[in-house]
Amino acid sequence: MISTLQKMRATYQPKLPKGLQGMVKAEEGEKTQSVDNQEEIKALFPNTYGMPLIQFVPGGEVASKQMNVGVILSGGQAPGGHNVICGLFDAIKKLNPENRLFGFILGPGGLVDHNYKELTADIINDYRNTGGFDIIGSGRTKLEKEEQFEKGLQIIRQLDIKAIVIIGGDDSNTNACVLAEYYAAKKYGVQVIGCPKTIDGDLKNAQIETSFGFDTACKTYSELIGNIQRDCNSSRKYWHFIKLMGRSASHIALECALQCQPTMCIISEEVEQKDLSLNDVVEQIATAVARRAAKGWNFGTVLIPEGLIEFIPAIKRLIAELNDLLAAQGEKLKGLDDEELRKYILSQLSSENAKAYESLPVGVMRQLSLDRDPHGNVQVSLIETEKLLSDMVAAKLAVWAKEGKYNGKFTALHHFFGYEGRCAAPSNYDADYCYALGTSAAHLIANGKTGYMAIVKNTIKPADEWIAGGVPITMMMNMERRNGEQKPVIRKALVELDGKPFKTFAANRDKWIEETSFLYPGPIQYWGPTEVCDQPTKTLTLEQE
């Protein structure tokens, strides 16, 4: 059984750029180089470095030879992933009806373990314009070892696959680039193409306007924030501390702030740039609470980026030293209880970082020390930053009350919006954008490209004016320290403090504290006026205007 909405949604035909609507021609642009560390990246990727930009335009199409394609969903879910696969399927079938698409089950591990299924029209049609990644599932296995590449090659040969499409974020596409380079160096004739996915919005640059899923996730979170703000403005007795997904950047928090106009929104990148301490952040929030209490308003909303704690400079320096310590002694530390762990780590840290470590609650100490994700990153979603901040705000207000500086009531409620948005049914924007990405990936394969990421640009315009093509993944890479080693990775895009989206937010935030300026965006609209249903994010609109 499927819902009425899903039935109706399946009939939606995603819109395509003119360059992908009929006969498609690939035009090569200028040669590229990596964003930094050019010599190191070139040495690591000699076969896939410096390739030109690609743009698809209407034109003659060479008859396509039969080709089979494999597809992998990698990392966390993002709305629109199914439409990437649908666009890829439709495009390869249009190129040659004999072409076949194979999905590897539960992420990159499916390639290594030879776990797959053929994606036929009957399967594909059930997933058009739907959320989630459940058509084949996803996983976080990292493709980085030669034995994995060779094991994957066995099933690629068995299924006569010409190319693998990896749909993922910055880490997944870094792995796609490594895989493309390996197969190219070995002259195996296997192409690898990436697609930019992450609701966090931190996979973007001059060539990639936005990562898919960001639009839908932000609209979903903004609906929920708007609902909370309506309740907040009705009862007028609660402060809502709302933590939002975004481990490495504050794009989601900023976009939701632009859509909802909360009382306050913390931007991690600004905290780092101003070298603010945790106490400084707490004082900012407490000051806003006191200002509103003076007007008799003991209510408000505070948006908090998931990764805030990593951007507080003192804690960021602590994490960097902890990363090196864990890379060298991680196994040894696993057997220690909390107190032994605390004492040992304190004995190994520099005095400045030891002081920062000791100031944290025990649970946060342990999380920073041992509970890491498969990439070695701190699992900041497990740190209840929203409760930590509200507790510290309450303590500061209590001190101010004794000093006669505050006279109000402070009752905090807490929320964390993460999974609520990353598998939502894609907005029209994400449905169209993802379908175009899948179609672009198919044409990159048909044109013999490898080590490229499919891209679609000019997306604040009507869809037929969008520009589709491909960018070499090496163009986005630099060298960064990961798990104690220098590694080639795609550079994450952080909120630009001199960019128009942040400046627009900064110009209005004092007003949002002084006045109750809440906006209530409401749910995603799939049918109706274009200006309601097809609108891109506020962030993208401000960036492209």
At R0 = 56 Å, FRET efficiency that the Cβ-Cβ distance of GLN38 and LEU346 yields, to 0.05: 0.85
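How do ASP430, ASP510, ASP391 rank when sorted from fewest to most other Cβ atoms within 10 Å of their own Cβ? Write down the numbers at each step before the final one.
Working: ASP430 31, ASP510 11, ASP391 15.
The order, fewest Cβ neighbours first, is ASP510, ASP391, ASP430.
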Please give the Cα centre distance for the stretch 166-187 versus the stretch 229-275, rounded to the nearest Å. 36 Å
Order of TYR182, TYR435, TYR406 under a 10 Å beta carbon neighbour criterion, fewest first: TYR406, TYR182, TYR435
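Based on other C-beta atoms within 10 Å, arrange SER250, SER211 from fewest to most. Intermediate results must be reported in sequence, preceding the final value.
Values: SER250 30, SER211 25.
Lowest to highest Cβ neighbour count: SER211, SER250.
State, as an integer percentage, the relative contact order of the stretch 1-78 based on alpha-carbon contacts under 8 Å between residues 6 or more apart.
Working: 61 pairs, mean separation 27.4, N = 78.
35 percent.
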Where in the chain are the DSSP H helices whose C-alpha atoms run 24 Å or more along the long axis and whose mean Kyte hydropathy is at least -1.0? 214-235, 313-333, 385-402, 428-446
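Expressed in whole Å with the largest first, what are the equivalent ellipsoid semi-axes of the stretch 110-176 derived from the C-alpha gyration tensor as the square root of 5 times each eigenvalue? Mind dumping the intermediate values first?
Details: eigenvalues 102, 55, 18 Å².
The answer is 23, 17, 10 Å, longest axis first.
At a 10 angstrom cut-off on C-beta neighbours, averaged per residue, how do the peptides 337-350, 128-141, 455-468 rank from highest to lowest?
Top to bottom by mean Cβ count within 10 Å: 128-141, 455-468, 337-350.
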Do any of LYS396/LYS500; LYS387/LYS503; LYS25/LYS503; LYS334/LYS396; LYS151/LYS449; LYS204/LYS274 go past 31 Å between their Cα atoms, and which? LYS396/LYS500; LYS25/LYS503; LYS334/LYS396
For the stretch 29-143, how many pairs of lysine residues have a Cα-Cα distance under 19 Å, where the two are 8 or more positions apart or belong to different chains? 4
Evaluated at q = 0.22, 0.23 Å⁻¹: base-10 log I(q)/I(0), Debye formula over Cα of the stretch 169-215: -0.73, -0.77
Identify, among HIS415, PRO79, PRO523, the residue whose Cα sits farthest towards the positive end of the charge dipole of the chain, taking +1 on the Cβ of Lys and Arg and -1 on the Cβ of Asp and Glu, with the dipole about the Cα centre. PRO523
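Mind checking the alpha-carbon convex hull of the chain and giving the volume per residue in Å³?
On the way: hull volume 87.0 nm³, N = 545.
It comes to 160 Å³ per residue, whole-number rounded.
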Only helices counted: for the chain, with every DSSP H run of 4 or more residues adding -39500 (n - 2.57) and the sum spread over all residues, [θ] at 222 nm is -13500 deg cm²/dmol
Checking the stretch 262-309 for trypsin sites (Lys or Arg not before Pro) in a loop per DSSP with at most 14 other beta-carbon atoms within 10 Å yields LYS274, LYS295
Rg [Å, one decimal], Dmax [Å, integer] - the stretch 1-127, C-alpha atoms: 18.2, 56
Report the extension gain between MET8 and GLN544 in nm, rounded to one decimal, defined as 0.36 nm multiplied by the number of residues separating them, less their alpha carbon distance. 189.7 nm
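Using a Förster distance of 22 Å, how high is the FRET efficiency between GLU331 and ASN483, based on the Cβ-Cβ distance and rounded to 0.05?
Working: r = 13 Å, r/R0 = 0.60.
After rounding, the FRET efficiency stands at 0.95.
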Counting C-alpha atoms alone, how compact is the stretch 262-336: give Rg to one decimal and Dmax as a whole number, in angstrom. 17.1, 55
List the chymotrypsin sites (Phe, Trp or Tyr not before Pro) in the stretch 485-545 that DSSP assigns to loop (not H, G, I, E or B) and whose Cβ has at most 13 other Cβ atoms within 10 Å. Which are they? TRP527
With the contact rule set at Cα under 8 Å and sequence spacing of 6 or more, what percent relative contact order holds for the stretch 147-215? 28 percent
Starting from the Cα-Cα distance between GLU118 and ALA507, subtract it from 0.36 nm times their residue separation and give me the gain in nm to one decimal. 134.8 nm
Using DSSP to call loops (not H, G, I, E or B), can you name the GluC sites (Glu not before Pro) in the stretch 1-110 whose Cβ has at most 13 other Cβ atoms within 10 angstrom? GLU98
Taking N as the number of residues in the stretch 498-545, what is its Cα Rg relative to 2.2 N^0.38 Å? 1.41
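Relative contact order of the chain, please, whole-number percent, based on alpha carbon pairs below 8 angstrom and at least 6 residues apart. Don't skip to the answer; put the middle values down first.
Details: 1154 pairs, mean separation 132.1, N = 545.
24 percent.
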State the Cα centre-to-centre distance between the stretch 470-545 and the stretch 405-452 in whole Å. 11 Å
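So what's the stretch 136-280 giving for Rg/Rh, alpha carbon basis, Kirkwood Rh from the mean inverse pair distance? Mind showing how you got there, number by number?
On the way: Rg = 21.0 Å, Rh = 18.4 Å.
We get a ratio of 1.14 for the stretch 136-280.
Readers should treat all values here as calculations from the given coordinates under stated rules, not as data from a laboratory. Because the structure is a prediction, the values reported are computed rather than measured. Reconstructed Cβ throughout: ideal geometry from the backbone, glycine too, with neighbour counts over all protein chains shown.
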